[in-house]
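A.B. asks: A single structure is presented below for examination.
The values are calculated or read from the model by the stated rules, or taken from the named source; none is laboratory data. The structure displayed is predicted, hence computed values, not measured ones. Please note: Cβ atoms are built from the backbone with ideal geometry, for glycine as well, and neighbour counts cover all protein chains shown.
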């Protein structure tokens with residue numbers, strides 16, 4: 001009897017396996033909203049005809065003031081990125097690599113690659129790929145457009161060539177929780193592209209000619225307790241108009 005008792009005492013109920021720390025962190029990241037909106041006070045400098053009021057097209061707004069705004073906002077954005085990086089913990093010991101990597105060099109090639117993948121998936125109606133690439137708002141917009149198109153039509157998007165790319169904004173904004181924030185960058189992409197469509201009989205629909213398009217693509221990634229997510233596409237934005245530029249300048253000189 002005593003032996004049976006000892007055997008019973010030695011038997012422990014099977015313990016439930018706990019998810020790994022990395023898995024727990026990923027689960028936390030998945031709960032974070034991936035669409036918190038376009039960061040306020042992000043300046044997208046106007047170009048072409050949109051910039052005429054700034055450069056003296058009838059409005060009093062000297063070019064020097066535009067440079068002041070750009071310089072002040074660039075310094076602000078650099079400071080915010082640097083402070084987020086420098087306050088992140090070391091991977092191991094002192095003077096080693098930080099947990100957070102700014103990945104500035106990745107921004108432009110990432111934006112170009114995701115731009116191509118996103119529109120290719122949209123034309124093909126591939127919602128799974130769009131779900132991986134896009135934030136919630138952009139994904140929902142694409143899905144609505146896919147579902148509203150004629151079911152029998154076949155679409156194909158292609159880029160003929162990329163003519164110009166430029167990074168116009170690179171910002172990190174902290175969120176209240178420690179090690180939590182959002183990294184958002186705006187990349188200007190000028191490309192020659194075409195969208196071809198075929199009806200249910202296989203006949204190509206008119207309107208698939210090449211056209212030159214200039215877009216400001218917003219890519220972003222999130223941080224949760226110093227764990228970073230993959231890049232996603234938030235959406236596209238337009239250029240700031242001269243009133244927005246003037247207002248940003250007033251805020252900048254007051255700060």
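A.B. asks: So, of the residues in the range 86-100 that are surrounded by 14 or more Cβ atoms within 10 Å (Cβ to Cβ) and in contact (Cβ under 8 Å) with a residue 60 or more places away in the chain, which turns out to be nearest to residue 190 (Cα to Cα)?
C.D. replies: Step by step, filter the range 86-100, then rank; the result is 100.
A.B. asks: Hey, could you check the range 174-205 for residues that are within 25 Å of residue 149 (Cβ to Cβ) and out of contact with any strand residue (DSSP E or B) (no Cβ under 9 Å at 6 or more places or on another chain) and say which is surrounded by the fewest Cβ atoms within 10 Å (Cβ to Cβ)?
C.D. replies: It comes out as 201.
A.B. asks: Does any residue in the range 101-122 that is on the phi > 0 side of the Ramachandran plot come within less than 9 Å, Cβ to Cβ, of a residue that is in a loop (DSSP other than H, G, I, E, B) and crowded, with 18+ Cβ neighbours inside 10 Å six or more places away or on a different chain, and which pairs are these?
C.D. replies: The qualifying pairs are 103/231.
A.B. asks: Does the range 103-119 hold any residues that are in contact with a helix residue (DSSP H, G or I) (Cβ under 9 Å, 6 or more places away or on another chain) and surrounded by 16 or more Cβ atoms within 10 Å (Cβ to Cβ), and which are they?
C.D. replies: Going residue by residue through the range 103-119, those that are in contact with a helix residue (DSSP H, G or I) (Cβ under 9 Å, 6 or more places away or on another chain) are 103-104, 114, 117-118.
Selection gives 114, 117, 118.
A.B. asks: Mind checking which residues of the range 215-246 are in contact with a helix residue (DSSP H, G or I) (Cβ under 9 Å, 6 or more places away or on another chain), at pLDDT 95 or above and assigned to a strand (DSSP E or B)?
C.D. replies: Once the filter is applied, which keeps residues that are in contact with a helix residue (DSSP H, G or I) (Cβ under 9 Å, 6 or more places away or on another chain), at pLDDT 95 or above and assigned to a strand (DSSP E or B), the range 215-246 yields 215, 217, 218, 219, 232, 233, 234, 235, 236.
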